[in-house]
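*Asks:* Mind having a look at this structure? Questions to follow.
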Amino acid sequence: MPLVLRTSTYKKSYAVVIPSCELQLNQKVRFPVAVIGIAGYLGLGILAMKRAWRVVLPATAVGLGFSLYLAHIEKDVLRTWCIYCVGSLGVISLMTVLAIAANVFGGRQKAA
């Protein structure tokens, strides 16, 4: 059952939050979004374990851009919000901030 949230106190507009938007989103963008997301997170995890911070940063930026694109589709086209997609947007946003911090502070060594 979807959860309905009121988006504004002044407008009569509502946002519907659904558990999964896989079928609706795949019909609009015409490719399996979940498979791309899983592959992306696995790739980012492997790069992070190798501490390849200079590669992780552009990869997270691409992931963030893709996630923002999907959020646009959900907001403006489908008019529904998927809990998984919103959670993924939060995760990739945090990963991008951490990748920036790793690039800025990761190369510095402590003075002995």
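Every number here is computed from the coordinates shown, using simple stated rules; none is lab data. None of the values given here were measured: they were computed from a predicted structure. FYI the Cβ positions are ideal-geometry reconstructions off the backbone, even for glycines, and counts take in every protein chain you see.
*Asks:* Work out, step by step, the length gained on full extension between residue 93 and residue 62: first 0.36 nm times the residue separation, then minus their alpha carbon distance; give nm to one decimal. All intermediate terms of the calculation are to be shown ahead of the outcome.
*Replies:* On the way: separation 31, 0.36 × 31 = 11.16 nm, distance 1.09 nm.
Result: 10.1 nm gained on full extension.
*Asks:* Give me the Kirkwood hydrodynamic radius of segment 35-112 in Å, from all C-alpha pairs, to one decimal place? Provide the component values of the computation, followed by the final result.
*Replies:* Values: mean 1/r = 0.0741 Å⁻¹.
It works out to 13.5 Å.
*Asks:* If you rank 50, 75 by fewest surrounding Cβ atoms within 10 Å, what's the result? Write down the numbers at each step before the final one.
*Replies:* Working: 50 10, 75 13.
In order of increasing Cβ crowding within 10 Å: 50, 75.
*Asks:* I'm checking a number: the convex hull volume of the Cα atoms of segment 63-108, normalised per residue, in Å³. What is it? All intermediate terms of the calculation are to be shown ahead of the outcome.
*Replies:* Numbers: hull volume 2.3 nm³, N = 46.
Once divided by residue count, the hull of segment 63-108 is 51 Å³.
*Asks:* Further question: So what are the ³J(HN,Hα) numbers for segment 73-83, from phi and the Karplus equation (6.51, -1.76, 1.60; θ = phi - 60°), rounded to whole Hz, Gly and Pro as x?
*Replies:* 4, 5, 6, 9, 9, 7, 6, 9, 10, 8, 4
*Asks:* Can you work out ³J(HN,Hα) from phi for every residue in segment 37-54, in order, using Karplus 6.51 cos²θ - 1.76 cosθ + 1.60 and θ = phi - 60°, giving whole Hz and x for Gly and Pro?
*Replies:* Residue by residue, segment 37-54 yields x, 5, 4, x, 5, 4, x, 5, x, 5, 4, 5, 5, 7, 6, 8, 4, 6 Hz.
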